[in-house]
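In what follows, a single structure is set out as structure tokens and then discussed.
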Amino acid sequence: ADYIEEAGGEKPEYTAEKEEYGEAINGIVANITKDATATKEQILLGRTAWVKGQLITGTMPNNGAVNKTLKAGESYTIPAGYTSGGTVTAQDLASQTQGDATAEDIAEGKTAWVKGKKIIGSALNNSLDNIAFTIVKSSTFNAEVGKHYLLSIASSTYNEDPTENTITGMSVINGYHMRPSVGGTVGSAILIYGVATQTTITYTGSHTTYTAIIYAKMD
């Protein structure tokens, strides 16, 4: 009985019945567990614990290890309960953006992700349905800086020499010279493709006999 009192229970008389001893022991348990705060939801399912003198059986699910692999845009809802750990990972972007397009396959200025890399397109829209050709009887025409232009210069002189020609306001990407055999009487033509660097493009030929410039903005 002295031990019961020392442990926090109410000391029964030596002549007390068993029930009184039981009540005293319950008082000990209540005293020892009075600071416990766990609820059944915080104790694993099927496990037991004493809280404030009451035996509680846990209801918290044991989910074990949680492992999940997510794709872009997916989410994973973590279930309520206990988990022993685990890893939630996301698939790498390369595995979700499989493709074989290159910058040349994508319209200029447009972007796409291919094998995990962002690609900026460089392909021009060269459909003739979207190209308007303009003829000017002059060596100069207005242009939009940064846009691609195709020029066709018609000359009444068969031997118009492109090596003696100059063009300003344009960064030339490529050029072609077409003329008949030496000594012919048919005029020649020069094709020039490039990017406008100024708001005015001026062509100066090796002869003054060219008749017109046909040009088109390609994008």
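Which one is modelled with the lowest pLDDT among residues in the range 168-219 that are among the β-branched types (Val, Ile, Thr), open to solvent by less than 40 Å² (accessible area, probe 1.4 Å) and closer than 22 Å to residue 145 by Cβ? Let's see the steps before the verdict.
First, the residues of the range 168-219 that are among the β-branched types (Val, Ile, Thr): 168, 172-173, 182, 185-186, 190, 192, 195, 197, 199-202, 204, 208-209, 211, 213-214.
Still in the list and also open to solvent by less than 40 Å² (accessible area, probe 1.4 Å): 190, 192, 195, 201-202, 213.
Applying the additional criterion that residues be closer than 22 Å to residue 145 by Cβ yields 192, 195, 201-202, 213.
Numbers: 192: 85, 195: 92, 201: 88, 202: 86, 213: 74.
Top of the filtered list is 213.
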key: Subset tally (residues that are under 30 Å from residue 40 (Cα atoms) and of a type outside the set (Lys, Arg)) for the range 52-104   = 29
key: Selection status of residue 114, modelled with pLDDT of 90 or more, among the hydrophobic types (A, V, I, L, M, F, W, C), open to solvent by less than 60 Å² (accessible area, probe 1.4 Å) and closer than 30 Å to residue 32 by Cβ   = no
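Residues of the range 35-93 being in a helix (DSSP H, G or I) and closer than 30 Å to residue 115 by Cβ, which ones?
Filtering the range 35-93 for residues in a helix (DSSP H, G or I) gives 40-42, 93.
Answer for the range 35-93, where residues must be in a helix (DSSP H, G or I) and closer than 30 Å to residue 115 by Cβ: just 93.
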inquiry  = Condition (residue is surrounded by 14 or more Cβ atoms within 10 Å (Cβ to Cβ) and in contact (Cβ under 8 Å) with a residue 24 or more places away in the chain) applied to the range 48-63: is it met by at least one residue?
reply    = yes
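In the range 64-111, which residue that is hydrophobic (A, V, I, L, M, F, W, C) and open to solvent by less than 60 Å² (accessible area, probe 1.4 Å) is modelled with the lowest pLDDT? Don't jump to the end; show me each part of the working.
So in the range 64-111, the residues hydrophobic (A, V, I, L, M, F, W, C) come out as 65-66, 70, 72, 78, 80, 88, 90, 93-94, 101, 103, 106-107.
When the remaining residues are screened for being open to solvent by less than 60 Å² (accessible area, probe 1.4 Å), the result is 66, 70, 94, 101, 103, 106-107.
On the way: 66: 88, 70: 90, 94: 88, 101: 91, 103: 90, 106: 88, 107: 84.
Among them, the one singled out is 107.
The values are calculated or read from the model by the stated rules, or taken from the named source; none is laboratory data. Owing to the predicted nature of the structure, the values given are computational and were not obtained by experimental measurement. Every residue, glycine among them, receives a Cβ derived from its backbone with ideal geometry; neighbour counts consider all protein chains shown. To get the accessible areas, we keep the full protein, side chains included, count just its heavy atoms, and leave off ligands, DNA and RNA. Shrake-Rupley method; radii C 1.70, N 1.55, O 1.52, S 1.80 Å.
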